[in-house]
Amino acid sequence: MNYYSTNNKNIKVSLREAVVQGLAADNGLFMPEHIPTLSKSFITSLPRLSFQEIAFSVAKNIIGGDIPETELKRIVDHTIQFDAPIIPIEENIFSLELFHGPTLAFKDFGARFLSGLLGYFAQQQSREIIILVATSGDTGSAVANGFLNVPGTRVIVLYPSGKVSEIQEKQFTTLGGNITALEIDGTFDDCQRLVKQCFMDVELKQKLFLTSANSINMARLLPQSFYYFHAVAQLPSNKYPLTFSVPSGNFGNLTAGLLAKRMGLPIRKFIAATNCNNIIPHYLNTKVFSPQPSIATISNAMDVGNPSNFARMLDLYSNSHTLLSNDVDGCYFSDDETRDVMAGVYNQKKYLLDPHGAIGYLGLRKYLNKEKEQIGVFLETAHPAKFKDVVEIAIGSSIAIPEKLQGFLNKQKMSFPMKNSFDLLKEFLLK
Ligand SMILES: *Cc1c(COP(=O)(O)O)cnc(C)c1O
């Protein structure tokens, strides 16, 4: 299978190049040349298959042939090391919990699949692969934990000193091994600029095998389609039509759902649910795509003013607003609505939403109020304890920190403080 750039379908690269490059040379996003459909019998057999079996079949369908099956199986099994259970909330509303991985957010799936693939590519060459990642919090922890102890890889996380929460910082500064954290005296934008400069530096590119673990990487997107299949496998049968509501920022998760549908999963509708950074709901409602500077909200992992996967969504629907909006409805919600629904669902259903999942739930309920005879699933993208302060204020009582998070908090932070200087960073990388 080849991958083309959304900016130019004539630029085609192999899986290896698409994964190592991340972004196409013309700044387009990579898309698979074909999206083969899975058989009807596979879809009907879903309830009898394990999550790993489902993931392997889906992976084989889309990237089989590019790497040996035994390797693909190993990578899929490395990715699917924790469950994504469906939890009933109301008669027709289900939560798909994606926070049972090491850093308690869905980004663990993408990071682990990417690390598996890069680990495989590393075996085929003598040089170590160095993954450079700038983070404002969550991406760094998912990537660092995903690559921990993967042979042939080394991760350098750049983060702004004093600007990430203690719990986020502990998730990528306590690991050791092949993970190094650089604590930059600057902002997140400075960290991102430093990483970009590394990729443009001729000497670094010559001497080192550098790659990024950016969220636009195809290898982070593909495994996110696995859990849509696993969700359908767990739902009560014959209750279609089915809607998925996806709390969104860069729209990777939603795009992965659209891929799952294209591969044959019977999903009637997707809800693109956002906070007040409503660029895509606005596009769906008005046909106008107008990126804006991002606005800070309590669902901060979705504070995105220029959603990067929009190009992929359009590409999947031949640039047709009509076709895209046939499958996707958009809606958005304020912080007040988010806090109110967290309190309401906690009090009435005894279910704790995080601020991102709460937006997914709101979008789903709004849609199901109009479309009665349907069932819906919202994606619960992070564990509520990751946003302890916001959640506790919303529900008016305190919540426990799960053991996994507590485990990070008890460990010793290890970081290299560094001035916001490209020369110092370059020296560090070359030594
Ligand atoms: C990254 C993230 C999102 C947004 O996902 P996209 O794929 O960028 O739309 C939502 N919730 C949480 C908790 C996240 O970390």
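The values are calculated or read from the model by the stated rules, or taken from the named source; none is laboratory data. Since the structure is predicted, the reported quantities are computational estimates derived from the model, not experimental observations. Cβ: placed from backbone, ideal geometry, glycine included. Neighbour counts: every protein chain shown. In case anyone asks, the SASA skips ligands and DNA or RNA and just uses the protein heavy atoms, side chains included. Shrake-Rupley method; radii C 1.70, N 1.55, O 1.52, S 1.80 Å.
Brief remarks follow.
- Condition check for Ser215: within 16 Å of the ligand (Cβ to nearest atom), in a loop (DSSP other than H, G, I, E, B) and either modelled with pLDDT under 90 or open to solvent by 40 Å² or more (accessible area, probe 1.4 Å) (or both): yes
- Region 11-34, residues that are open to solvent by less than 80 Å² (accessible area, probe 1.4 Å) and of a type in the set (Asp, Glu): Asp26, Glu33
- In region 370-392, the residues that are more than 17 Å from Phe82 (Cβ to Cβ) form Cβ pairs under 8 Å with partners that are within 15 Å of the ligand (Cβ to nearest atom) and of a type in the set (S, T, N, Q), at six or more places apart or across chains, as follows: Gly376/Ser245; Val377/Ser95; Val377/Ser245; Phe378/Ser95; Phe378/Ser245.
- Scope region 254-276; condition open to solvent by 10 Å² or more (accessible area, probe 1.4 Å) and farther than 23 Å from Ser39 by Cβ; matching residues: Lys269, Cys276
- Test: residue in region 332-342 that is out of contact with any strand residue (DSSP E or B) (no Cβ under 8 Å at 6 or more places or on another chain), away from the ligand (no atom under 12 Å from the Cβ), assigned to a loop (DSSP other than H, G, I, E, B) and over 23 Å from Ser215 (Cα atoms): yes
- Qualifying residue in region 35-58 (condition: open to solvent by less than 10 Å² (accessible area, probe 1.4 Å), within 20 Å of Gly119 (Cβ to Cβ) and touching a Lys or Arg at 6+ places or on another chain (Cβ under 9 Å)): no
- For region 147-183, residues that are within 16 Å of the ligand (Cβ to nearest atom), out of contact with any strand residue (DSSP E or B) (no Cβ under 9 Å at 6 or more places or on another chain) and open to solvent by less than 30 Å² (accessible area, probe 1.4 Å) total 2.
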